[in-house]
Amino acid sequence: LLANGVGGIAVGMATNIPPHNLGEIADAIAFLIDRYARAEDVTVDDLMRFIPGPDFPTGGTVLGQEGIRQAYATGKGRIVMRAQAHIEDLRGGRAAIIVTELPFQVNKANLVERIASLVRDERVQGVGDLRDESDRTGMRIAVELKRGVDAVPILADLLRLTQLQATFGANMLALVGGEPRLLSLKRALLLHIEHRQEVLTRRARHELARAQARAHILEGLILALDHLDEVIDTIRRSRTAETARNNLQRKFGLTEIQAQAILDMQLRRLAGLERRKIEEEYREVLARIEYLQGLLTNEKAILS
């Protein structure tokens, strides 16, 4: 939600979360994890050292930090955005206002149309030409002024009357446990950390169950290889596969799963090199089991 930003409307409520820089979010999450036991003491200003504000993909400038701080502290705030514009001197004593970055979610074509409309209605005076000079190198709108016209007041008028200056109403509403909640920045990050903890725990449990099941089968195969002649003799003397499985279980103290794995074993696995592979895999599986058990009994390891 924080990285991509999101806007949505539901019955009686709306959400509007601005996009952020992924690297900055990752740094803030790492900072929170390091202080997870004392997360209550982490302030908005602490997090704003890593996330100074939203990262709007269209560029522009955010005016002041108060709106951002309010949004991060309470989940609601008004962030004022301004286009990136500069004044260029042209030949013949004329000047042009050049816009190179727009506020987030401002439509360029609509903006150009709005400026043209203001000039037609003479609400903005002194504009000689208006061009969209955008190309593959980037966005560029040129507002060319008449000779001798001061560009500064014209730019001030455009900021006031058009979307060259716009407001992003942050409303950080999200579903938490199926219920809508207004989230502060810290709460959103903590919920993400909790979610990742749950994912890692469940993944580790799943991997552990699979590793233990594999170790169980490998133990049976190793035992069969240790008593190879007796195992082959037992299978030969059995009339059916089911009888063979029962005889293996009874004679060698194997489980049904292990006995079946021995019956399913390919003849090539009886070779010396294949035997070493089984033993090597068994050692690797045991090491994996030990790692996963350590992970599940240590919250710090999962946070790490």
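Assorted remarks:
- Point-to-point label distance, Leu228-Ala30, nm (Cα→Cβ direction, 7 Å offset): 5.2
- Here the stretch 14-90 exposes an accessible surface that is 49 percent carbon and sulfur, computed with a 1.4 Å probe and the other protein chains kept in place.
- For Cα extents along the principal axes in Å, the candidate list reads [x] 67, 51, 39; [y] 54, 47, 29; [z] 109, 44, 36; the entry that matches the value derived from this model is [z].
- Note that the stretch 141-148 has calculated 3J(HN,Hα) couplings of 10, 10, 10, 8, 9, 6, 4, x Hz, one per residue in order, obtained from phi through the Karplus relation 6.51 cos²θ - 1.76 cosθ + 1.60 (θ = phi - 60°); glycine and proline are x.
- In Hz, Karplus ³J(HN,Hα) per residue of the stretch 40-51 (6.51, -1.76, 1.60; θ = phi - 60°; x = Gly, Pro): 4, 7, 6, 9, 4, 5, 4, 6, 6, 5, 9, 10
- Summarising the label geometry, the points placed 7 Å from Cα in the beta-carbon direction at Lys146 and Arg123 lie 2.0 nm from one another.
- Alpha carbon centroid spacing (whole Å) that separates the stretch 6-53 from the stretch 192-256: 47
- The chain: most fluctuating residue of Leu273, Leu161, Leu263 per GNM, C-alpha cutoff 10 Å: Leu273
- Loop-located trypsin sites (Lys or Arg not before Pro) across the stretch 1-63 with a Cβ neighbour count of 13 or fewer within 10 Å are Arg35, Arg49, with loop assigned by DSSP.
- Across the stretch 1-136, Cα pairs under 8 Å and at least six residues apart give a relative contact order of 15 percent.
- Per residue value of the accessible surface for the chain (all protein chains in place, 1.4 Å probe), Å²: 60
- Solvent-accessible area, 1.4 Å probe, carbon plus sulfur percent, for the stretch 114-177: 46
- Taking Cα atoms only, the orientation of helix 108-120 departs from the longest principal axis of the chain by about 10 degrees.
- Under a 5 Å amide H cut-off, with hydrogens placed 1.01 Å from N, Glu101 pairs with Gln84 among residues at least 5 apart or on other chains.
- Once the mean of 1/r is taken over each pair of separate Cα atoms and inverted, the stretch 77-231 shows a Kirkwood hydrodynamic radius of 21.4 Å.
- Lys, Arg +1 and Asp, Glu -1 on Cβ, resulting dipole of the stretch 1-125 about Cα centre, debye, nearest 20: 460
- Residue-by-residue Karplus 3J(HN,Hα) for the stretch 224-233, coefficients 6.51, -1.76, 1.60, Hz, glycine and proline x: 5, 5, 5, 10, 4, 4, 5, 5, 4, 4
- Debye intensity ratio in log₁₀ form over the Cα atoms of the stretch 1-152, taken at each q of 0.08, 0.14, 0.21 Å⁻¹: -0.36, -0.84, -1.30
- Overall dimensions of the stretch 175-304 by Cα: Rg and Dmax, Å: 22.3, 72
- With a simple spin-label model that places each label point 7 Å from the Cα along the Cα-to-Cβ direction, the separation between Ala116 and Arg250 comes to 9.5 nm.
The values are calculated or read from the model by the stated rules, or taken from the named source; none is laboratory data. Just so we're clear, the structure is a prediction, and the values are computed from it rather than from any experiment. Here Cβ is always computed from backbone atoms with ideal geometry, including for glycine, and neighbour counts include all displayed protein chains. The area values use the complete protein model at the heavy-atom level, side chains included, leaving out ligands, DNA and RNA. Shrake-Rupley method; radii C 1.70, N 1.55, O 1.52, S 1.80 Å.
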